[in-house]
1. For region 1-134, take the convex hull of the Cα atoms, compute a quarter of its surface area, and give me that in nm², please.
2. Write down the accessible area per residue of region 207-250 in Å², having rolled a 1.4 Å probe over the full set of protein chains.
3. Per residue of region 100-106, what does 6.51 cos²θ - 1.76 cosθ + 1.60 with θ = phi - 60° give for ³J(HN,Hα)? Whole Hz please, x for Gly and Pro, Karplus curve as stated.
4. Under 1.5 on a/c is rounded, so check that first for region 207-250, then, if it is not, pick prolate when a/b is larger than b/c and oblate when it is not; a ≥ b ≥ c are the square roots of the alpha carbon gyration tensor eigenvalues.
5. Using only the Cα atoms of the chain, each taken as one equal point scatterer with no solvent, compute I(q) by the Debye sum, divide by I(0), and report log10 of the ratio at q = 0.12, 0.13, 0.14, 0.15 Å⁻¹.
6. As a test of reading the structure, rank 167, 99, 60 by solvent-accessible area (1.4 Å probe, protein chains only), most first.
7. Quick one: accessible surface of residue 11, probe radius 1.4 Å, all protein chains present, in square angstrom to the nearest 10.
8. Considering only 15, 136, 102, give the residue with the highest GNM mean-square fluctuation for the chain, with springs between Cα atoms whenever their separation is below 10 Å.
Amino acid sequence: MSASFDTLLYETNQPGVATVTINRPEKLNALNDNVLNELAEVFKQINIDDTVRGCILTGTGDKAFVAGADIKELRELNEHRGRMASQKGQQIFQLIEDTRKPVIALVNGYALGGGAELAMACHLRVATENAVFGLPEVGLGLIPGYGGTQRLPRIVGRAKALELILTGKQLSAEQAQQIGLVNRVVSQDYGWEEVEKMMDAILKNGPLAVKQAMRAVYHSDHKSGFQIESELFGYLCGTDDAEEGLSAFLEKRKPNFKGI
Ligand code: COA
């Protein structure tokens, strides 16, 4: 993809891995309308770009991942525009979650409000030690509006989610890991290394299997998830990748997946 954005940096340093960096450091990478539009654009492109197999999402600087929705813009909302803004944010974050290529958030500082919700819409989260998570909306007289009331209970359970949403209290990276909100915590110097290692560990596997495993896991909230798991399992059993993966094990060699 050759795209340039006002509020995002887009790079592909590692082959097949897109890096999207939210780049509004003067406002701690807060999500204004422009950032949201560009996030939608970049993830639409990532979805259709066959050369991209995974994505790392982070924020510029070492202070913030994303310090929330832009509070200046929130103040301008009335009831109708508030509902529209919430629906728009939800749709864009759903687009990220629906990306069938692993999206890993590198949470490198404050992940508050919309920032925490954005991290939750990613499939996996690596936090640096200075990361701070929180949903402070109730303190602003609001509630999380970009999917946080739905995703947080799915990730950490209802009781913990309610505690965080109702108190608005902040969690350190370590506390976030303890409740399962982040997969790993590493020192600031090792954030990139860790996230690239995690991506490598995923991308060395059968590409079709990775994609279908993500689909199956995201159906785990529904009863139909069991049926979908069986359908996807059956589908994969008929692919060249499964033939190759199983044969490679039996022949004591590394598999050479072709994604077919
Ligand atoms: N929306 C808009 N602007 C924001 C912002 C947000 N969510 N978060 C930070 N900023 C801006 C500040 O207004 C400030 O801009 P200015 O220099 O023009 O005054 C700049 O980013 C730096 O923030 P500042 O508050 O000076 O940094 P800090 O280190 O003192 O505090 C935070 C950092 C994250 C604790 C603090 O910025 C904060 O509480 N932000 C809001 C978090 C929040 O409630 N988010 C949820 C919104 S729903």
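1. Working: hull surface 30.6 nm².
Its Cα hull, projected and averaged over all orientations, spans 7.6 nm².
2. Numbers: 3030 Å² over 44 residues.
Spelled out: the 1.4 Å probe surface of region 207-250, per residue, equals 69 Å².
3. Values, residue by residue: 8, 9, x, 10, 10, 8, 9 Hz.
4. On the way: a/c = 3.10, a/b = 2.36, b/c = 1.31.
Prolate shape, in that a/c is at least 1.5 and a/b is the bigger ratio.
5. -0.73, -0.85, -0.98, -1.11
6. Details: 167 85, 99 0, 60 35 Å².
Correct descending sequence by accessible area is 167, 60, 99.
7. Approximately 80 Å² for this residue.
8. Of the options given, 15 has the highest mean-square fluctuation.
The values are calculated or read from the model by the stated rules, or taken from the named source; none is laboratory data. For clarity, every value in this text was computed on a predicted model and none was experimentally measured. Virtual Cβ from ideal backbone geometry, glycine too; neighbours counted across all protein chains shown. Note: areas computed on protein heavy atoms with side chains; ligands, DNA, RNA excluded. Shrake-Rupley method; radii C 1.70, N 1.55, O 1.52, S 1.80 Å.
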